[in-house]
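S.K.: Take this structure first; my questions come after.
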Amino acid sequence: MPADRLLTINQFAKFSRTTRDTLLYYDKIGLLTPVSRRANNYRCYSGGQLAVMNVIRTLQKLGMTLEEIKNLIEKRTPASIIEAFTQRIEKIDSVIEERVNARNLLNDLRKTIRSALDADENKITIQHLPAEAIVLGEPNDYSRGRNDYDALLSFYRAISEKYPKYDLDYPVWAVFSEERVKRGDWRWPDRYYFSNPKGHDKRPAAMYAVGYTRGGYGQSDDLYARLTDHIEINGFEICGDAYEEYPLNEICTIDEANYLMRVMIPVREIKRG
């Protein structure tokens, strides 16, 4: 269409795929003003203004407000448009990252809950578990009267400083050192960790003695005792740190007494003779 061809407001609305009311509003706020008015005060637009309308529509799709668009197109240059697009791309990338992280969290929680639905709470098994990405905290500090709650807060603080982009909404689990498991000391964990697909650490692939029990956080003594007895009776020995998780917790269970704990202790078969 020739740039100098004049169009009535209804014609322009049709060609620009918008509405008459939208054009009236754009005129009112000074975003897109008719090039002329006829004697009867009818608004007329030029064919060239269709390109401006395309700019407005493009910027709207990028999430810019009409005020932002007005300020930009009044002084637009290639450089200013590149800068505006770059800023908008960065915002979009940030939103995409948030959505991906949220999806990963939901998948992880769903997988964790499903893994416990068919668990035999009275049975201990020896099974091979693949490696899993985790975020592992530093050894917990229980000096100067600090307790497990203090250690948990320190874990969150340290992880948020070390990995500021990590989602800290993943459930936090506990690690008990091999040495402490062997001597029967299961009071407070040596470390905390949480599963995360981006984790730089690993729960190692290995054979594990796996057992379950019901109860609130920290009510694990009986399960550890049953596990260590089972390991010894069946000709295995502990060969690594124990991992303690709650696949059924406050996220999906109302009564704390019905939380389901899973403990995984790496083992190896004792060679006889």
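S.K.: Can you give the local net charge around Gly211? Use residues other than it whose beta-carbon is closer than 11 angstrom to its beta-carbon, Lys and Arg +1, Asp and Glu -1.
M.R.: Details: positive: Lys123, Arg226, Arg262; negative: Asp120, Glu121, Asp222, Asp229, Glu244.
In short, -2.
S.K.: Among Ser80, Ala13, Pro266, whose Cα projects farthest towards the positive end of the dipole of the chain, with charges put on the beta-carbon of Lys, Arg (+1) and Asp, Glu (-1)?
M.R.: Of the candidates, Ala13 comes out farthest on the positive side.
S.K.: Which net charge results when you count Lys and Arg as +1 and Asp and Glu as -1 among the other residues whose beta-carbon is under 14 Å from that of Ile89? The partial results should precede the final answer.
M.R.: On the way: positive: Lys61, Arg88, Lys91; negative: Glu83, Glu90, Asp93, Glu97.
That sum, taken over residues with Cβ under 14 Å, equals -1.
S.K.: I would also like to ask the following. Less than 16 Å apart at the alpha-carbon level, and either on another chain or at least 8 residues along: which aspartates and glutamates does that give for Lys61?
M.R.: Glu90, Asp93
S.K.: Hey, any idea what the orientation-averaged projected area of the convex hull of the chain's Cα atoms comes to, in nm²?
M.R.: Numbers: hull surface 96.8 nm².
If I average the Cα hull's projected area over directions, I get 24.2 nm².
S.K.: Hey, another quick one. How long is the gain from Lys271 to Glu161 if the chain were fully straight, where each residue apart is worth 0.36 nm and the alpha carbon distance is subtracted?
M.R.: Length gained between Lys271 and Glu161: 35.1 nm.
S.K.: With all protein chains present, how much of the accessible area of the chain (probe radius 1.4 Å) comes from carbon and sulfur, to the nearest whole percent? Please report the intermediate quantities before stating the final value.
M.R.: Working: 8290 of 16250 Å².
Carbon with sulfur: 51 percent of the solvent-accessible area.
S.K.: Sticking with this structure for a sec: Decide, for segment 92-149, between rounded, prolate and oblate: order the square roots of the alpha carbon gyration tensor eigenvalues as a ≥ b ≥ c, take rounded if a/c falls under 1.5, and otherwise choose prolate if a/b is larger than b/c, else oblate.
M.R.: Details: a/c = 2.34, a/b = 1.08, b/c = 2.17.
Taking the square roots of the gyration eigenvalues as a ≥ b ≥ c, segment 92-149 is oblate.
S.K.: Now a separate question. Between helix 148-162 and the chain, what is the angle of the helix's C-alpha long axis to the longest principal axis, kept within 0 to 90° and rounded to the nearest 10?
M.R.: Approximately 40 degrees, to the nearest ten.
S.K.: Angle between the Cα long axis of helix 221-233 and the longest principal axis of the chain, 0 to 90 degrees, nearest 10?
M.R.: 60
S.K.: Also, quick follow-up: How charged is the neighbourhood of Ala133? Take every other residue with its Cβ under 9 Å from the Cβ of Ala133, and add Lys/Arg as +1 and Asp/Glu as -1.
M.R.: Working: positive: Lys198, Lys202, Arg203; negative: Glu132, Asp201.
Spelling it out: positives minus negatives among the neighbours equals +1.
S.K.: Under 17 Å Cα-Cα from Lys198, which lysines qualify once same-chain neighbours fewer than 8 residues away are excluded?
M.R.: The qualifying lysines are Lys111, Lys162, Lys165.
S.K.: Rounded to the nearest 20 Debye, what is the dipole magnitude of the chain about its Cα centre when Lys and Arg each give +1 and Asp and Glu each give -1 at the C-beta?
M.R.: Numbers: 40 positive and 40 negative charges, 443 e Å.
So the dipole magnitude of the chain works out to roughly 2120 debye.
S.K.: Ignoring ligands, DNA and RNA, how do Lys271, Lys91, Lys70 rank by accessible area with a 1.4 Å probe, largest first? It would help to have the intermediate numbers written out before the result.
M.R.: Details: Lys271 190, Lys91 115, Lys70 55 Å².
Ranked list, largest accessible area first: Lys271, Lys91, Lys70.
The values are calculated or read from the model by the stated rules, or taken from the named source; none is laboratory data. Everything quoted here is computed from the prediction, not taken from an experiment. Cβ atoms come from the backbone with ideal geometry, glycine included; neighbour counts cover every protein chain shown. Just so you know, the surface numbers come from the protein's heavy atoms only, side chains and all, with ligands and any DNA or RNA stripped out. Shrake-Rupley method; radii C 1.70, N 1.55, O 1.52, S 1.80 Å.
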